[in-house]
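A.B. asks: Sharing a structure here in structure tokens format.
The values are calculated or read from the model by the stated rules, or taken from the named source; none is laboratory data. In this text the structure is predicted, and so the values were computed from the model without any measurement. Positions of Cβ are backbone-derived with ideal geometry, glycine not excepted, and every protein chain shown enters the neighbour counts. The accessibility values were calculated without ligands, DNA or RNA, using every heavy atom of the protein model including side chains. Shrake-Rupley method; radii C 1.70, N 1.55, O 1.52, S 1.80 Å.
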There are 2 protein chains.
Amino acid sequence: MSVAPTSAKPRRSQEERRREMRARLAAATLESLGESGYHGASLSDILGRAGVSRGAWAHHFSSKLDLVALAAEEMLRESTEVALNLVPADLPDGDRLAALLEATWTRFYQGPRREVLFEVALACRTDAELRARLAPVFAGFIAAVGQAGGRVLRLKPGAVAAVADLLTLTIYMLRGMALQEVTTGPDGRNAALRALWARLLGEWVEVG
Amino acid sequence: MSVAPTSAKPRRSQEERRREMRARLAAATLESLGESGYHGASLSDILGRAGVSRGAWAHHFSSKLDLVALAAEEMLRESTEVALNLVPADLPDGDRLAALLEATWTRFYQGPRREVLFEVALACRTDAELRARLAPVFAGFIAAVGQAGGRVLRLKPGAVAAVADLLTLTIYMLRGMALQEVTTGPDGRNAALRALWARLLGEWVEVG
DNA sequence: AGATACAAACCAATCGGTCGGTTTTTGCAA
DNA sequence: TTGCAAAAACCGACCGATTGGTTTGTATCT
């Protein structure tokens with residue numbers, strides 16, 4: 001009787017294996033990066049989380065940096081995707097500008113991704129090789145945010161500033177706020193500050 | 001003939017020795033942190049820069065964290081001092097708000113201190129002991145900036161926001177801008193953005 | 001004399017990375 | 001379809017280098 005594999009015989013294809021292994025390692029890397037920081041995310045720690053042997057890792061990656069870079073690239077590319085697919089129609093009526101700001105905040109500057117983002121960005125400063133690999137992806141993300149913002153926002157008549165500039169200021173502001181929360185923990189007053197910023201911003205632009 | 005010490009006999013007092021040694025180590029620590037990041041600032045690297053033996057270090061500090069914390073504390077306290085002594089009279093006439101913003105930028109978010117500040121702040125996230133030691137000093141710095149700002153800025157009639165909130169938004173903005181430059185290098189366009197922000201801010205507050 | 005400041009050899013633990021060997025999948029020839 | 005060798009996936013022991021930290025001994029100051 002040629003039965004189907006009973007239990008321990010998944011018979012996965014090599015490509016399937018490869019993809020799953022790399023994904024598992026990348027996920028564990030992000031987890032370790034977020035939990036222990038770039039400084040504490042040792043290879044042993046990552047491999048332990050992923051339940052992957054050293055040999056397997058070596059088979060798929062040429063160095064630790066190679067793994068970290070891939071994980072960061074994947075995360076950034078996903079964020080870029082999200083930014084590009086931002087559609088104003090999804091926003092509720094009423095104060096749409098505030099809603100947009102809030103959406104941007106929760107999407108990009110909250111949750112475990114935020115910690116990883118800061119860790120990796122800062123690590124790029126002192127690691128030329130990592131910077132070389134991630135710079136284009138970072139740039140792509142920034143460009144996507146700018147593109148989405150320019151598509152969604154419209155300058156009010158009489159405004160004295162360009163949409164792109166106001167957008168950059170907004171991103172800087174959110175980023176500084178996020179860094180604050182990374183260091184000191186979440187702070188409820190920041191939500192009020194975002195609302196305030198939306199109100200100020202509303203003097204110059206509107207969601208269209 | 002009891003001559004004065006000819007050359008290799010400085011005869012420094014113990015307190016003098018102690019202070020100089022600790023200062024030298026702290027300076028080397030900041031240098032290493034700025035150049036190599038928290039991740040790369042090893043004890044060997046620091047001691048090498050300072051030209052200090054391992055034994056001497058151990059005599060003055062109980063651990064690496066002890067040294068790093070002291071160095072960061074000193075730097076933050078100095079910044080706090082600077083913030084507290086901020087006097088609007090020093091500002092030139094003309095666009096005083098823009099001048100104030102620019103002064104804040106160059107004082108706190110430019111130069112080697114900035115890098116160290118980010119490295120240490122981020123390290124605090126994943127190192128509870130470091131965070132415990134530096135949290136009060138960080139808080140003191142923030143409070144000093146707020147106090148100085150509140151003393152220098154005056155709300156214009158009809159403004160809809162509190163000075164403190166606008167101040168916090170400004171700090172967040174500068175911080176996000178600084179983080180950008182940390183990762184991607186200095187960018188001339190940011191100066192124009194600061195000028196723009198000063199103009200927008202001028203709608204609500206004035207330097208008094 | 002006694003304490004403090006400093007130096008250098010030394011230590012276990014951990015780091016990223018390598019290496020020989022085993023298991024699983026695959027492509028091709030019989 | 002089956003047999004089988006090459007290729008790819010995977011494992012864990014092992015490696016030299018480096019980490020933060022200790023220890024033992026000497027010089028300098030009080």
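A.B. asks: Kirkwood hydrodynamic radius, the range A:12-61, all distinct C-alpha pairs: what's the number in Å? Before the final figure, lay out the partial values.
C.D. replies: Numbers: mean 1/r = 0.0909 Å⁻¹.
Evaluated on the range A:12-61, it is 11.0 Å.
A.B. asks: Now a separate question. In peptide B:38-49, how many Cβ atoms from other protein chains are near each Cβ within 10 Å, on average?
C.D. replies: 2
A.B. asks: Also: Taking residue B:156 as the anchor, which aspartates and glutamates have their alpha carbon closer than 16 Å to its alpha carbon, excluding any fewer than eight residues away along the same chain?
C.D. replies: B:95, B:165, B:203, B:206
A.B. asks: Can I ask one more? Helix-only estimate, please: 222 nm mean residue ellipticity of the protein assembly as shown, summing -39500 (n - 2.57) across DSSP H runs of length 4 or more and dividing by its residues, to the nearest 500.
C.D. replies: Roughly -24500 deg cm²/dmol at 222 nm, from the helical runs in the protein assembly as shown.
A.B. asks: If you don't mind, another one. Could you run the numbers on buried accessible area between A and B, total for both chains, 1.4 angstrom probe, in Å² to the nearest 100? Mind dumping the intermediate values first?
C.D. replies: Numbers: alone 12360 and 12370 Å², together 21140 Å².
Buried surface at the A/B interface: approximately 3600 Å².
A.B. asks: Here's something else I'd like to know. Which value in nm describes the separation of the simple spin-label points at residue A:187 and residue B:16, placed 7 Å from the Cα toward the beta carbon?
C.D. replies: Placing both labels 7 Å along Cα→Cβ, they lie 4.5 nm apart.
A.B. asks: Additional query: With an 8 Å cut-off on Cα pairs and a minimum separation of 6 or more residues, tell me the relative contact order of the range B:68-207 in percent.
C.D. replies: It rounds to 37 percent for the range B:68-207.
A.B. asks: The range B:178-195: which residues show an accessible-area loss of 40 Å² or more, assembly versus chain alone, 1.4 Å probe?
C.D. replies: So the qualifying set is B:179, B:180, B:182, B:183, B:193.
A.B. asks: Report in % the part of the accessible area of chain A that belongs to carbon and sulfur, leaving out ligands and nucleic acids; probe 1.4 Å.
C.D. replies: Its accessible area is 54 percent carbon and sulfur atoms.
A.B. asks: Follow-up. Could I have the simple spin-label model distance between residue B:207 and residue A:203, label points 7 Å from Cα toward Cβ, reported in nm to one decimal?
C.D. replies: 1.9
A.B. asks: For A:113-125, what's the mean count of beta carbons from other chains sitting within 10 Å of each residue's beta carbon? Write down the numbers at each step before the final one.
C.D. replies: Working: counts 0, 0, 3, 0, 0, 6, 4, 1, 7, 12, 6, 4, 12.
The mean count of partner-chain Cβ atoms within 10 Å per residue comes to 4.
A.B. asks: Anyone know which of B:154, B:19, B:175 comes out most mobile in the 10 Å Cα GNM of chain B?
C.D. replies: Among B:154, B:19, B:175, the largest GNM mean-square fluctuation belongs to B:19.
A.B. asks: Positive end of the charge dipole of the protein assembly as shown (Lys, Arg +1 and Asp, Glu -1 on Cβ, about the Cα centre): tell me which of B:89, A:87, A:183 has its Cα farthest that way.
C.D. replies: A:183
A.B. asks: For the range B:51-208, give the magnitude of the charge dipole about the Cα centre (Cβ charges: +1 Lys/Arg, -1 Asp/Glu; no others), in debye to the nearest 20.
C.D. replies: Dipole about the Cα centre, nearest 20: 160 debye.
A.B. asks: Solvent-accessible area per residue for the range B:12-61 at a 1.4 Å probe radius, Å²?
C.D. replies: Normalised by residue count, the accessible surface of the range B:12-61 is 55 Å².
A.B. asks: Still on this structure, please answer the following. Rounded to two decimals, what is Rg over Rh for chain B when you use alpha-carbon atoms and the Kirkwood radius?
C.D. replies: For chain B, the value is 1.08.
A.B. asks: For label points placed 7 Å from Cα toward Cβ, what is the shortest-first list of nm distances from residue B:151 to its copies?
C.D. replies: 5.0
A.B. asks: Another one. Report the net charge of residues surrounding residue A:140, where surrounding means a beta-carbon distance below 11 angstrom and charges are Lys +1, Arg +1, Asp -1, Glu -1.
C.D. replies: Local charge sum for residue A:140: -1.
A.B. asks: Ok, one more. Find every distance from the label point of residue B:15 to the corresponding label point in the other copies (7 Å from Cα along Cα→Cβ) and write them in nm, one decimal, shortest first.
C.D. replies: 7.7
A.B. asks: Here's another thing I want to ask about it. Return the distance in nm (one decimal) between the two label points of a simple spin-label model at residue B:129 and residue A:42, each offset 7 Å from Cα along Cα→Cβ.
C.D. replies: Here the answer is 1.5 nm between the modelled labels.
A.B. asks: Using only alpha carbon positions, build the gyration tensor of the protein assembly as shown, then give the equivalent ellipsoid semi-axes as the square roots of 5 times its eigenvalues, largest first, whole angstrom.
C.D. replies: Values: eigenvalues 309, 281, 51 Å².
So the three semi-axes of the protein assembly as shown are 39, 38, 16 Å.
A.B. asks: Within the set of other residues whose C-beta is less than 11 Å from the C-beta of residue B:46, count the net charge using Lys and Arg as +1 and Asp and Glu as -1.
C.D. replies: Neighbourhood net charge equals +1.
A.B. asks: May I pose another question? Using a probe radius of 1.4 Å on heavy atoms only, what accessible surface per residue do you get for the range A:70-208? Whole Å² is fine.
C.D. replies: Computed with neighbouring chains in place, this is 44 Å² per residue.
A.B. asks: Using a 7 Å offset from Cα along the direction of the beta-carbon, what are the separations from residue B:112 to the same position in each other copy, nm, ascending?
C.D. replies: 3.8
A.B. asks: Further question: Which one of B:33, B:46, B:130 has its Cα pushed farthest toward the positive end of the charge dipole of chain B, where Lys and Arg give +1 and Asp and Glu give -1 at the Cβ?
C.D. replies: Projecting each Cα onto the dipole axis, the largest value belongs to B:46.
A.B. asks: Calculate how steeply helix B:128-152 sits against the longest principal axis of the alpha-carbon atoms of chain B, using the helix alpha-carbon long axis, and give the answer as 0 to 90 degrees to the nearest 10.
C.D. replies: 40
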